[in-house]
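The values are calculated or read from the model by the stated rules, or taken from the named source; none is laboratory data. It should be emphasised that the depicted structure is a prediction, and the values quoted were computed from it without experimental measurement. Glycine also receives a Cβ, built like all others from the backbone with ideal geometry; neighbour counts cover every protein chain displayed. SASA here: full protein model, heavy atoms, side chains in, ligands and nucleic acids out. Shrake-Rupley method; radii C 1.70, N 1.55, O 1.52, S 1.80 Å.
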Amino acid sequence: MATIQQVADKVGVTKGVVSSYLNDPDTSRVSSATKTRIDAAVEELGYVRNIHARNLSRQTSDLINVLVLFREPLFRNSVVNEVLSGAATLLGSHDYGLVFPAQRSGTLLEMTRDQIRGTHGNAGYILIGTRYSTGDDLERTASELERRRVPFVITNMPQLDRNVNQVVIHTDRAAVAIRNLHELGHDRILVLGGTGYDPEGTYELNLTRATLEELGIEQDPTLVHFADYDFRKAKDAVAAAIEAGERFTAVFCLARQMAMGAAQALADK
C-alpha cells in the first residue's frame, strides 16, 4: 500500500502539501495545478488515507455515534433505516462515518449510557427516537449527553423544550387521511394506534382526534385500539372489533404493518 510520502515524491512536493490538500480539498494553500497532480498520483499509486492515524495525530475523530432508542435489532425498523440513509448520505459528503455501538440488555437509558461510555472520543452523536421509546426515554438520554458535554443532534422525535440541536418533521398525514375518508362518506372510523405512550404516535392520534372534531364527528372511544405497530396484533384487534359488533365503515392505521394486519382481518371475515 502506498504511503503519503510516496505520493509527495511522485508529485515533487513535501508531504505537508499533500496532507494539507487531502485533509482540505478546498484549501487555497495548494495551487489548482498541484491539486490535479496529487489526484493523479493518488490514483496511480492507489493511495488510501489511514483515517485512524490521521485522527490520532489530530486528536479528533470523524466518526459519529448513532444511538437508537430501540431494544430490537437495529436495522429491523424501517423508519430508522430511512433516517440513517439520509444521515449517512450527508455525513459521507463531509468525510464522516457512522458507528453503531453494541446494544446490551437493560432499560433504554441503561443501554444508551453504556453505549455513550463505550464510544467516548468520537466526533458526536445522533440520537434517534422510535415508536418504542417514550418522551421520558428521550429526555433522560438527552440529559446524559448534555451532562457529558458532547455534541449531538436529535431526530425522529417531537420537539423538546430545551436548547439542543433537533431535527423535527411533523406532517399532517393523519388529518389528510381522516378528511379523505370523511369525503368518501365515512363517519365511523376505527383507528389503530401504536403503543399508546410513544410521542410520535400520541401526536398522530391527537391530530386524528382534532380532525374528527373539526369535521363534527364525535369519536367513539370503542373505535380506538392499540396494536403495537404489529401485523398480528392489528389483525387480532380488528377481528375482535368485528366479533364485538363494533360498527365501523373504515379503518385508519398509524403504520403500514398494522394496515396490512387490518386488511387481512377484513379479508378473513
*Taking the Cα centre of each part, how many Å lie between segment 170-224 and segment 5-26?*
60
*Pull up all non-local amide H partners of residue 124: gap of 5 or more, or a different chain, and H-to-H distance under 5 Å with H placed in the peptide plane.*
65
_Rel. contact order, % - alpha carbon contacts under 8 angstrom, at least six apart, segment 117-269_ = 22
*So how exposed is residue 89, as accessible area in Å² (1.4 Å probe, rounded to 10)?*
100
*Hey, got the dipole for segment 140-206? About the Cα centre, +1 on K and R Cβ, -1 on D and E Cβ, debye to the nearest 20?*
320
*From the list (i) 52, 42, 38; (ii) 82, 52, 31; (iii) 84, 38, 34, can you say which value of Cα extents along the principal axes in Å was derived from the structure given?*
(iii)
*Answer with one residue from 253, 222, 206: the one whose Cα lies farthest towards the positive end of the charge dipole of segment 154-269, charges on Cβ with Lys, Arg +1 and Asp, Glu -1.*
253
*Mind giving me the FRET efficiency for residue 247 and residue 93? R0 is 41 Å, r the Cβ-Cβ distance, nearest 0.05 is fine.*
0.15
_Lysine pairs within the chain, Cα separation less than 30 Å, 8 or more sequence positions apart or different chains_ = 4
*Which whole number of Å³ per residue matches the convex hull of the alpha-carbon atoms in segment 138-269?*
116
*Relative to the Cα centre, what is the charge dipole magnitude of the chain, using +1 at the beta carbon of each Lys and Arg, -1 at the beta carbon of each Asp and Glu, and rounding to the nearest 20 debye?*
1140
*Rel. contact order, % - alpha carbon contacts under 8 angstrom, at least six apart, the chain*: 13
*What does the convex hull of the Cα atoms of segment 58-207 come to per residue, in Å³, rounded to a whole number?*
128
*Among 242-253, 200-211, 20-31, how do they line up from the highest to the lowest mean number of other beta-carbon atoms within 10 Å?*
200-211, 242-253, 20-31
